[in-house]
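Visitor: Questions regarding the structure given below will be posed in turn.
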Amino acid sequence: PGPPFAPQPVPKRSRRRRIGLFGLFGFLALLLLAIVAIPLIFIAVITDGDFDFDDQEYVYRPTTVAEIPATITEDVGQIRLDLRNVDFDDVDVESPVEINIDLDLGRIEVILPEEVQVMVDAQSDLGDVTVLGSNDDGINPRRTLSQDDHKLELDLDLNVGEIIVSRGSSSAATTIEVD
């Protein structure tokens, strides 16, 4: 018989590499970085690194309900809709004024009169959304608001950038130059 402590054969190592905990977290960190960095690089290329959209500014300052555009659609720029001079007293709550704004890249700013009741659905794929002081930011931010007896409905859709809905006396509203 053989020795009591005979050497055992060494099992063959598998050629598969194991991904350790650090490798998995490293991969996920790189994936997250890519998800955030790729849209920012895309924006920088489109805007030549200048994120100021004042050159492509679309300003609407209606003075009557009839002058309010039902739809505003742009690719890149800053859309400002100043409704402070519009009187909504004659608008029936059964058929409120509907405004749809769609922008791919930039900023949407809507300034409301102090007294108008409003329903708002504001969403972005990537960016910052603020509706009457309530803020959401990051990926797919969204803010909704529905006030009773609203006479105005806003549907704001933005791919990348910032949406601000404020009342006439807010600090965001005072940045708009009045003609």
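The values are calculated or read from the model by the stated rules, or taken from the named source; none is laboratory data. These numbers come from a predicted model, not from an experiment. Positions of Cβ are backbone-derived with ideal geometry, glycine not excepted, and every protein chain shown enters the neighbour counts. Only protein heavy atoms, including side chains, enter the accessible area calculation; ligands, DNA and RNA are left aside. Shrake-Rupley method; radii C 1.70, N 1.55, O 1.52, S 1.80 Å.
Visitor: If you check Gly20, Gly26, which single one turns out to be at pLDDT below 70 and open to solvent by less than 80 Å² (accessible area, probe 1.4 Å)?
Guide: Numbers: Gly26 fails: at pLDDT below 70.
One residue alone meets the criteria, Gly20.
Visitor: Quick one: Ile72 ticks every box in (1) in contact with a Leu (Cβ under 9 Å, 6 or more places away or on another chain); (2) under 30 Å from Ala37 (Cβ atoms) bar one, so which box is it?
Guide: The number of the failed condition is (2).
Visitor: Given (1) surrounded by fewer than 19 Cβ atoms within 10 Å (Cβ to Cβ); (2) not in a strand (DSSP E or B), identify the lone condition not met by Val86.
Guide: Result: Val86 passes all but (1).
Visitor: Still on this model: Give the residue, chosen from Ser134, Ser171, that is open to solvent by 70 Å² or more (accessible area, probe 1.4 Å), over 18 Å from Ile72 (Cβ atoms), at pLDDT below 95 and polar (S, T, N, Q). Write out each step before concluding.
Guide: Numbers: Ser134 fails: open to solvent by 70 Å² or more (accessible area, probe 1.4 Å).
So the residue among Ser134, Ser171 that is open to solvent by 70 Å² or more (accessible area, probe 1.4 Å), over 18 Å from Ile72 (Cβ atoms), at pLDDT below 95 and polar (S, T, N, Q) is Ser171.
Visitor: Scan segment 100-125 residue by residue and report those that are buried (at least 19 other Cβ atoms within 10 Å of the Cβ) and more than 28 Å from Asp90 (Cβ to Cβ). Give the derivation first.
Guide: Of the residues in segment 100-125, the ones buried (at least 19 other Cβ atoms within 10 Å of the Cβ) are 101, 103, 105-112, 116, 118, 120, 122, 124.
Of everything in segment 100-125, those that are buried (at least 19 other Cβ atoms within 10 Å of the Cβ) and more than 28 Å from Asp90 (Cβ to Cβ) turn out to be Leu103, Leu105, Gly106, Arg107, Ser124.
Visitor: Another question about this same structure. Any residue that is free of Cβ contacts under 8 Å to residues at least 12 places away in the same chain and out of contact with any Asp or Glu (no Cβ under 6 Å at 6 or more places or on another chain) - is there at least one of those in segment 68-84? Full working, then the answer.
Guide: Quick first cut of segment 68-84, residues free of Cβ contacts under 8 Å to residues at least 12 places away in the same chain only: none.
Within segment 68-84 (the criterion being free of Cβ contacts under 8 Å to residues at least 12 places away in the same chain and out of contact with any Asp or Glu (no Cβ under 6 Å at 6 or more places or on another chain)), the answer is no, since none of the residues qualifies.
Visitor: Against the conditions (1) part of a strand (DSSP E or B); (2) touching an Asp or Glu at 6+ places or on another chain (Cβ under 8 Å), where does Val93 fall short? Just the number, please.
Guide: So the condition that Val93 fails would be (1).
Visitor: Name the residues in segment 146-156 that are assigned to a strand (DSSP E or B) and either of a type in the set (Gly, Ala, Ser) or open to solvent by 50 Å² or more (accessible area, probe 1.4 Å) (or both), would you? Let's see the steps before the verdict.
Guide: Filtering segment 146-156 down to residues assigned to a strand (DSSP E or B) leaves 146, 152-156.
Ser146, Asp155 - these are the residues of segment 146-156 that are assigned to a strand (DSSP E or B) and either of a type in the set (Gly, Ala, Ser) or open to solvent by 50 Å² or more (accessible area, probe 1.4 Å) (or both).
Visitor: Taking the criterion of being of a type in the set (Val, Ile, Thr) and more than 20 Å from Phe42 (Cβ to Cβ), would at least one residue in segment 80-89 satisfy it?
Guide: Here is the first cut: in segment 80-89, the residues of a type in the set (Val, Ile, Thr) are 86.
When the remaining residues are screened for being more than 20 Å from Phe42 (Cβ to Cβ), the result is 86.
Checked segment 80-89: at least one residue is of a type in the set (Val, Ile, Thr) and more than 20 Å from Phe42 (Cβ to Cβ).
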